[in-house]
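Accompanying notes for the structure given below.
The values are calculated or read from the model by the stated rules, or taken from the named source; none is laboratory data. As the structure is a prediction and not an experimental result, all values here were calculated from the model. Here the Cβ positions follow ideal geometry from the backbone for every residue, glycine too, while neighbour counts run over all protein chains shown.
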């Protein structure tokens, strides 16, 4: 499990992941907040439905893509959390197009 | 020295279709292709199998296009079964948008002309904004409407090219990755030089895109073509949102959107123009406002090989019988007829049918 | 289109970019710095201002050393735009970028690419599983948010790997194991370059000290291994490694991979800069002269973005590039350029002296640069395996562009950043040609993915 080594994490805000309420430090980015809250499965790949989560944390790999407030393909390691943010696991299924 | 029944110069969409078709007819074929950074129109292909709007001034071209589009389902089946490559082929009709009422009226007139020229073989529908919205609920409020034709479809052009190459190889064809430097015709035999090597054949098909212009005179032909650049944008993968190909946008099997169709006259610059990219982005948002937050991951310019009248060239040489030159910017749409029909004409008696006579480059000799 | 005009536009606010900006500002040039992160420092000094207030001593002295530079930068008149994504660089020295989803453009008399490095891809079986991250990611989590993972396994080689492990141990975070992939032969190869080490002993001793303290801490340290792979169905279940021809299994839930860093190529290549294959660093480097001038007029590249030499060298290279740009802008004389660049060049040469040793010692084994198992994913975005690449080469594919066409390899949102180097080396190996001949993906805009709305909004700025 990821955890914080800082005794004081500062102000917490509320975000929602798959409907579940998470209280996370205000200055975290979305990827860090989710990892810290125990979420490592961010999305499914389009072609083979493989589970993926953050890899590089510096905006290079695009594996941390997730649905934020209804929008797919949000690069979660580059976006700060904000109060009330609704986050969903990203499933872009190409099988619907056949 | 190696001997072949036919040498095909060019491994792009046209060359590979013909080469595959010739191998399929039992010929011993060599296909010459350039290296990794060759100027390739095929790479910039949008992937449309497109009938509507084509050949308004040439009923023969319209008919030729329809012939190929109709062959596509069987061609797709044959090629994917042979190679195991799924070409992501779909042919459930395509839309071409009209951004305003004037465009709508012009389109309607154009489509009606093609329809009447075709003696009922080409059919279409004009859809007003409201009718279109029922089929494509995400269209923007300012879109005037669209034309629709059932014969239109799309395919992954890159997989098509790969499949043609693979099928060609599977049937015993030989791919030679060397630039052709010279062609000579002596004693009814063609000598093709590529770097230090020499190859001979009974027939030669020139399908080398812009390079045809240089090669054609060596076998008594002329191919007056010029390059025109088109920009294509590709987006990240998104949920399925477009079931039909359109003149501006299509969604690939993988989920990415291809956007494109700019026309720029820029010579041999394969680079990209930010203004053109922006124009395509703007047009796309006008037609589908819901795509505004979709990200473009790649854009590239590639060259189309055009003739003055926009029609293809299918020519055979009188002075060097057995030499052919082909040029077209619709390599995907016409792939089926190139592989199934044109190749077998060449393989059988070497005569192109009279229906293609009007596409001889001699039409420019006036 | 209205674009703001500057003497110098600098892309990247790491040590190279910041040093260049501060110096150019001192010489009265108007400077715009565009950086992707929300605070200056780049990756090496990431979140340094935030950490200054904490008592996180375990971050180490080399990290704290970056602070004066950042303070100088903050005090300067440099126009600094954070959270800016540069997505296009045109030949006309125009930079297109977006901030908060809105596009802007700026024109510079001179442009400096100082976009730093990225971690080298580590394409082993299982590297796409959930629970596998790069060691750089572990460090970002630690520096920026103080977030760590207990009982993780670190796999790889290179100074950054030892640094993060050392930071973990200093902070009292238990580590399950370190699997060191440094090839045995590298120690001998590196010894040949030990003369250079004498010129910069501090650098090397620091590395030894980290490693020594790691071993001393009692953390399980596994070395001399010949292969490694990660198992699991959706997420990591274990790491397997081959030691003395025997496969051994280590259960764990989190793996951090690292095998060095390589230049961020996309920005320079999209500007049209020439590149060369560097056999010692086993990566592409951007061709620059001694002043950081690239093959494209008006575009300079400094720091790790041109070739890997680390943060201290980057600061010197940034300063030297700034002086050259000032000279090109006729803000200083040729003589000034020479005199003023001397101290930076001196410090740089001290840093460079140790590079052959470091590069040789930490050059990752070819089996970790090019995957061995056919099922290993090479292109993470498009899920392209080694087997698919080999199949395309069999069909006649001769280079990266055709490979892209045939397999979609490199076509995804990361734009080839996590497969490009592997593809160069795989093609070279399979076609039995040199890496230089195998080539790299053609740079296509955008430099980073950009929304259609951002593209469309460019005029309205």
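Annotations for the structure displayed:
- The conditions of being crowded, with 21+ Cβ neighbours inside 10 Å, farther than 24 Å from residue C:225 by Cα, free of Cβ contacts under 8 Å to residues at least 60 places away in the same chain and in contact with a helix residue (DSSP H, G or I) (Cβ under 8 Å, 6 or more places away or on another chain) are not met by residue C:103.
- Within segment B:296-317, residues that are more than 29 Å from residue B:277 (Cβ to Cβ) sit with their Cβ atoms under 6 Å from residues that are assigned to a strand (DSSP E or B), at 6+ positions apart or across chains, in these pairs: B:313/B:327; B:314/B:326; B:315/B:325; B:316/B:324; B:317/B:323.
- Among the residues of segment C:289-314, the ones that are more than 15 Å from the chain's Cα centre (by Cα) and surrounded by 24 or more Cβ atoms within 10 Å (Cβ to Cβ) come to 4 in all.
- Residues of segment B:64-87 that turn out to be farther than 15 Å from residue B:164 by Cβ and either in contact with a strand residue (DSSP E or B) (Cβ under 8 Å, 6 or more places away or on another chain) or assigned to a loop (DSSP other than H, G, I, E, B) (or both), as a count: 1
- The set of residues in segment C:110-134 being on the phi > 0 side of the Ramachandran plot, more than 19 Å from the chain's Cα centre (by Cα) and within 10 Å of another protein chain (Cβ to nearest Cβ) consists of C:131 alone.
- Qualifying residues in segment A:1-17 (those that are surrounded by 12 or more Cβ atoms within 10 Å (Cβ to Cβ) and over 14 Å from residue C:173 (Cα atoms)) - the one farthest from the other protein chains (Cβ to nearest Cβ): A:16
- Of all residues making up segment B:79-135, the number that are crowded, with 17+ Cβ neighbours inside 10 Å and under 30 Å from residue C:405 (Cα atoms): 14
- All of C:138, C:177, C:171 fail the test of being touching a strand residue (DSSP E or B) at 6+ places or on another chain (Cβ under 8 Å), closer than 30 Å to residue C:384 by Cβ and in contact (Cβ under 8 Å) with a residue 12 or more places away in the chain, apart from C:138.
- Restricting segment A:80-90 to residues that are outside any strand (DSSP E or B) and closer than 21 Å to residue B:236 by Cβ, the residue that is nearest to the other protein chains (Cβ to nearest Cβ): A:89
- Within segment A:46-79, the set of residues being within 8 Å of chain C (Cβ to nearest Cβ) and in a strand (DSSP E or B) comprises A:51, A:52, A:65, A:73.
- For segment B:164-278, the strands (runs of 3 or more DSSP E) that sit wholly inside it and include 1 or more residues that are out of contact with any strand residue (DSSP E or B) (no Cβ under 9 Å at 6 or more places or on another chain) are B:180-186.
- When the residues of segment B:352-366 are filtered to those that are surrounded by 10 or more Cβ atoms within 10 Å (Cβ to Cβ) and not in a helix (DSSP H, G or I), the one that is modelled with the highest pLDDT is B:360.
- Within segment C:164-193, the set of residues being touching a helix residue (DSSP H, G or I) at 6+ places or on another chain (Cβ under 6 Å), farther than 15 Å from residue C:216 by Cβ and either within 14 Å of another protein chain (Cβ to nearest Cβ) or part of a helix (DSSP H, G or I) (or both) comprises C:164, C:167, C:171, C:186, C:189, C:190.
- The residue that is nearest to the chain's Cα centre (by Cα), counting only those in segment C:198-234 that are modelled with pLDDT of 95 or more and within 14 Å of another protein chain (Cβ to nearest Cβ), is C:230.
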